[in-house]
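Colleague: Before we start, here is the structure in question, set down as C-alpha cells.
The values are calculated or read from the model by the stated rules, or taken from the named source; none is laboratory data. Just so you know, these numbers come straight off a predicted model, no measurement behind them. A quick note on method: Cβ atoms are made from the backbone with ideal geometry, for glycine too, and the neighbour counts reach across all protein chains shown.
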Amino acid sequence: MLKMKNLSKAFLTDAIKTQALHPFDLSIEQGEFVSVIGPSGSGKTTFLNIAGLLEEHSDGLYELDGQDVAQFSDKKKSAYRNEKIGFVFQSFNLIPELNLYDNIDMPLRYRKFNRDERHARIIQALEQVGLAGRKDHYPTQLSGGQQQRVAIARAIAGTPCVILADEPTGNLDSKMAEGIMSLLKDINAAGTSIIMVTHDNEQAAQAQRIVQIKDGHLSDSPDIQKEIA
Amino acid sequence: MRDLIPILKTLKKQKIAPALLAFQIAVTFMVLVNAIYMISERSDLIARPIGVNMENTLIVVANLPSEQGDLTTQLEDDLTILKSIHGVVNAAPITGLPLEGWGLYMDFKLDPNEEDVAYGGYFGSNENLIEAFDLTLLAGENFLPSDIQKVENDGIFKSSKIIITKALAEKIYPDNWRDILGKSLYYHKEPHEVIGIVDKLQNAWNFWSALEYTVISAVQEANDTQRYVVQVESGQMASVIKAIPEKLLTHPYKQIDSIEALSEVKRRSYQEDIATNKLLTVVCICLTIIKIFGILGQAKFNISRRTKQIGTRRALGASKHQVIRYFMLENAIISTIGVCIGILAAIILNNQFVELLSLSPVPIHFLLVGAIAIILLGQIAVAYPVSQAAKISPAITTRGT
C-alpha cells in the first residue's frame, strides 16, 4: 500500500543543507496500524508530511497505492490526497463556521460524489464516531474529544486507504485519548491502514508495528517493538 | 459552484465582517454611480454641438469709435479688411455670440393677437453669417444682400426676414417643421418672414432650456462694441489671428478687445462645469482607490486569519486553483450583496438629487454597468491576496503554526 525506497529529505536554507530525513526504506501493507515515535525535532512531522503528500521528498521513491507520486502535478496530488488519505490532526482543524455535517462534507465536495452519496457517507461516518445526533452542532459546541471524533469522521467519510494521524490524542485528557485510540483501532480493524505519529509510547505500543525516527534516521527493527512493548 | 453553498453558510455564520464589507461596497457603489452619472450628464451637456464649425471659427470684438463717423460705414470697412486677409473664408457682423452669457431673447407669436408659441435667442447679422459660422441650411434659402437692413442699435424692433433653427421650427410645428417656411413670426409686434431653417445654432445661455431656439434676423447692427464672426480656412487660424491686428488697427481710435477661437468662448462658458467635473472625477478616483485598498486589506486580513483553514483545505484535497476559486467566489458573493444594496441606495439617493438638483434619474443600464464594474473591481482587488493564499502550504496543518 505504501512503499518508500531510499527516500530522503533535505532542506536548503541560506545555502546550508539540513538533512531532515536520511535515506531509508519502508513498506506498509494494507490494513496495518503503524506508530511512528521519536523525540521532538527528530523528523516525525517531515515523515508524516511526505507520506501525506503535503511536502515533497528530495530523493528516492515513494509509491502510494501503487502509484509513484513524485511527478504528480499540484492538481493531481491534491485529488490523490483527497481520495487516498484521511488526515487526523492534533488540533482537529475543523472549520469553525461550518457545522459538523458541513465539515465532513468539505473534502467530499472535491470528489465527484453526488449529493445523495455525500449525505450517505456523512451520516455513516458520524454514526461510526457516535455523533450522528449532533450533525447540526458547530465545533465550538463540542468537547475536544468530540471534535477529534468529528475529524476522524471527516477522515473516514471518503474511504481512504490510509489514515495519517498526527498526535491525535495530544490535546486530549487520558479518558478521551482512550476513546480515540479505541475508535482508531476499530477503523483499522475494518481494513483501513493507519499511520500514527505519537510521543506516547503506551499508545504507540497499541499499534501492530512501531517505527522510530531519531535524528532523521528511521528504523523499524524488531528491537524497537520489543523495547517499547 | 461546489463552493457556493459552503460559502453562503460561512458568511451567514460570520455575519459582521462580510456585512461590513458589503456595506462598504454598497456605499461606494451608491456614491460612485451617482457621481459618475453626474459627470456623464454634465459632459453630455458640454459636448452638445453649437451647430458651428468650432475648429475654424474665429471671433473678433473691436470698437467702432464715433469719432470716426458713421458706424455702419466703419463696420463695412472692417468687414472688407477681414475678408481680404489671406486664409479668411468669410466674415459677418453679429449682435451677440453663442454661449457668451449675454444676449437678446424674445417671445414669438404666430398671430400678434394670440398667445406666445415659443421663446428663444436672437442674433442680427447679414447674408454672410451662414458661411462665416459654417452653418448647415436645411430648408429654404439664405438672405440676399437686398434683404439686409443696416441700422445702428435696436435692430430687434425692425420687421425683417429671418432664418431660424430646426429646433425652434419643430417647437412651433412639431408635426412638420418645414411648414414654418414662408410664415411670419411676430416679436415686438412686428412680423418676420421665415425664409430659411438651419440645422443648429445655440444662443447665449448654456443653461437655458431654449438654448437651441434661435432666430437670425436680416438686420445688420453697428454697435460701439462690434462682434465679428470669421470663418478661416483649415490650418490658417494662427496666421489669421496674427494678421488681424496688423490690418484692422487702421487709426489711433481703433481698439481690438479680443481675437479668439469660438471654442475658447465655449470653454469659458462651461468653465464651472468643467471644474466641477474635474473635482468629481478626482473624488471618484480617490474613492475607487480607497475601495480597492479597503477590499485588498480586508481580503489580506481574512486570509491571514484563515491561514490554518486554507492549509487544512489544501491538505484535505483542495488544489491551489480551488483555493483561488473559493476566495474569488466569496468576494464576488459579498460584492454582489453589496451592489444589490447599493443599487437600492443609489436609486434612493438619486431620487433625492432628482428632486433637489433637478437631475434626471440614473438609467437602469447605468446601474447594471456600474454593478458589473464594482464586482470586477472587487475581483481585481482580491486577486493578489488570493494568489498568496494559494501558496499556503498544506504542511502548515502539521507544523502547529
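Colleague: Could you tell me which of the residues B:262, B:248 is assigned by TED's automatic domain parsing to the domain that holds residue B:234, buried (at least 16 other Cβ atoms within 10 Å of the Cβ), in contact (Cβ under 8 Å) with a residue 40 or more places away in the chain and farther than 30 Å from residue B:32 by Cβ?
Modeller: Numbers: B:262 fails: assigned by TED's automatic domain parsing to the domain that holds residue B:234.
Answer to the check: B:248.
Colleague: So in segment A:84-121, with the set limited to residues that are of a type in the set (A, V, I, L, M) and in a loop (DSSP other than H, G, I, E, B), which one is surrounded by the fewest Cβ atoms within 10 Å (Cβ to Cβ)?
Modeller: A:98
Colleague: Moving on. Under 9 Å between Cβ atoms, at least 6 apart or on separate chains: pull out the pairs that start in segment B:268-296 with a residue that is over 20 Å from residue B:380 (Cβ atoms) and end on any residue that is in a helix (DSSP H, G or I) and of a type in the set (D, E, K, R).
Modeller: Qualifying pairs under 9 Å: B:270/B:42; B:273/B:42; B:274/B:42; B:274/B:267; B:276/B:42; B:277/B:42; B:280/B:42.
Colleague: Next up: Out of the residues in segment B:123-162 that are within 18 Å of residue B:228 (Cα to Cα) and acidic (Asp, Glu), state the one that is modelled with the lowest pLDDT.
Modeller: Going through the qualifying residues, I end up with B:154.
Colleague: Moving on. Hey, among the residues in segment A:122-136 that are closer than 21 Å to residue B:313 by Cβ and within 14 Å of another protein chain (Cβ to nearest Cβ), which one's surrounded by the most Cβ atoms within 10 Å (Cβ to Cβ)?
Modeller: Filtering first and then ranking leaves A:125.
Colleague: Restricting attention to segment B:161-185, which residues are hydroxyl-bearing (Ser, Thr, Tyr) and crowded, with 20+ Cβ neighbours inside 10 Å?
Modeller: The answer is B:165, and nothing else.
Colleague: Can you say whether residue A:81 is within 23 Å of residue A:182 (Cα to Cα) and either assigned to a helix (DSSP H, G or I) or more than 13 Å from chain B (Cβ to nearest Cβ) (or both), as far as the supplied structure shows? Outline the logic, then answer.
Modeller: On the way: within 23 Å of residue A:182 (Cα to Cα): no; either assigned to a helix (DSSP H, G or I) or more than 13 Å from chain B (Cβ to nearest Cβ) (or both): yes.
No.
Colleague: Let me ask you something else. State whether one or more residues within segment B:100-118 are of a type in the set (Ser, Thr, Tyr) and outside any strand (DSSP E or B).
Modeller: no
Colleague: Scan segment A:147-177 for residues that are surrounded by fewer than 22 Cβ atoms within 10 Å (Cβ to Cβ) and not in a helix (DSSP H, G or I) and jot them down.
Modeller: Across segment A:147-177, the qualifying residues are A:159, A:160, A:161, A:170, A:171, A:172, A:173.
Colleague: Right, another one. If residue B:368 meets every condition in (1) at pLDDT 90 or above; (2) away from every other protein chain (no Cβ under 14 Å); (3) crowded, with 16+ Cβ neighbours inside 10 Å apart from one, which number is that one?
Modeller: So the condition that residue B:368 fails would be (3).
Colleague: Return the total of residues in segment A:41-71 being assigned to a loop (DSSP other than H, G, I, E, B), touching a Ser or Thr at 6+ places or on another chain (Cβ under 9 Å) and not small (Gly, Ala, Ser). It would help to see each step written out before you state the result.
Modeller: Taking segment A:41-71 first, the residues assigned to a loop (DSSP other than H, G, I, E, B) are A:41-43, A:52-58, A:65-66, A:69-71.
Add one more test, that the residue is touching a Ser or Thr at 6+ places or on another chain (Cβ under 9 Å), and what stays is A:52-55, A:57-58.
Checking the rest, the ones that are also not small (Gly, Ala, Ser) come to A:53-55, A:57.
Result for segment A:41-71: 4.
Colleague: Which of the residues spanning segment B:22-31 are touching a Gly at 6+ places or on another chain (Cβ under 7 Å) and surrounded by 19 or more Cβ atoms within 10 Å (Cβ to Cβ)?
Modeller: Once the filter is applied, which keeps residues that are touching a Gly at 6+ places or on another chain (Cβ under 7 Å) and surrounded by 19 or more Cβ atoms within 10 Å (Cβ to Cβ), segment B:22-31 yields B:22, B:25, B:26, B:29, B:30.
Colleague: Residue check, residue B:392 against (1) at pLDDT 90 or above; (2) of a type in the set (A, V, I, L, M); (3) under 26 Å from residue B:289 (Cα atoms); (4) surrounded by 20 or more Cβ atoms within 10 Å (Cβ to Cβ), all met but one. Which one?
Modeller: Here residue B:392 clears every test but (3).
Colleague: Only one of B:195, B:216, B:241 is of a type in the set (A, V, I, L, M, F, W, C), surrounded by fewer than 19 Cβ atoms within 10 Å (Cβ to Cβ) and either without any contact (Cβ under 8 Å) to a residue 24 or more places away in the chain or not in a loop (DSSP other than H, G, I, E, B) (or both). Can you tell me which?
Modeller: When all the criteria are applied, what remains is B:241.
Colleague: Do we find that residue B:382 is buried (at least 20 other Cβ atoms within 10 Å of the Cβ), at pLDDT 90 or above and more than 14 Å from chain A (Cβ to nearest Cβ) in this structure?
Modeller: Answer is yes for this residue.
Colleague: Here's another thing I want to ask about it. Which numbered condition in (1) of a type outside the set (Gly, Ala, Ser); (2) loosely packed, with under 14 Cβ neighbours inside 10 Å; (3) not in a helix (DSSP H, G or I) is the only one that residue B:278 fails?
Modeller: Against the list (1) of a type outside the set (Gly, Ala, Ser); (2) loosely packed, with under 14 Cβ neighbours inside 10 Å; (3) not in a helix (DSSP H, G or I), residue B:278 comes up short only on (3).
Colleague: Looking at residue B:66 and the list (1) more than 29 Å from residue B:350 (Cα to Cα); (2) surrounded by 18 or more Cβ atoms within 10 Å (Cβ to Cβ), which single condition is not satisfied?
Modeller: Looking at each condition in turn, residue B:66 falls short on (2).
Colleague: If I filter segment B:134-160 down to residues being touching an Asp or Glu at 6+ places or on another chain (Cβ under 9 Å) and in a strand (DSSP E or B), which single residue comes out as surrounded by the most Cβ atoms within 10 Å (Cβ to Cβ)?
Modeller: B:160
Colleague: Then there is this: Working only within segment B:344-365, note down all residues that are touching a residue at least 40 places away in the same chain (Cβ under 8 Å) and either surrounded by fewer than 20 Cβ atoms within 10 Å (Cβ to Cβ) or over 23 Å from residue B:44 (Cα atoms) (or both).
Modeller: B:345, B:349, B:353, B:359, B:360
Colleague: What residue, of A:111, A:115, is within 11 Å of chain B (Cβ to nearest Cβ), out of contact with any Ser or Thr (no Cβ under 9 Å at 6 or more places or on another chain), within 21 Å of residue B:323 (Cα to Cα) and of a type in the set (D, E, K, R)?
Modeller: Answer to the selection: A:111.
Colleague: Check whether at least one residue in segment A:84-103 is facing another protein chain (nearest Cβ under 9 Å), touching a residue at least 60 places away in the same chain (Cβ under 8 Å) and of a type in the set (Phe, Trp, Tyr), and report yes or no.
Modeller: Checked segment A:84-103: at least one residue is facing another protein chain (nearest Cβ under 9 Å), touching a residue at least 60 places away in the same chain (Cβ under 8 Å) and of a type in the set (Phe, Trp, Tyr).
Colleague: Which of the residues belonging to segment B:4-18 are farther than 15 Å from residue A:101 by Cα and at the interface with another protein chain (Cβ under 8 Å from one of its Cβ atoms)?
Modeller: The answer is B:14, and nothing else.
Colleague: Could you tell me whether residue B:375 is at pLDDT 90 or above, in contact with a Ser or Thr (Cβ under 8 Å, 6 or more places away or on another chain) and not in a helix (DSSP H, G or I)?
Modeller: Spelling it out, it is not the case that residue B:375 is at pLDDT 90 or above, in contact with a Ser or Thr (Cβ under 8 Å, 6 or more places away or on another chain) and not in a helix (DSSP H, G or I).
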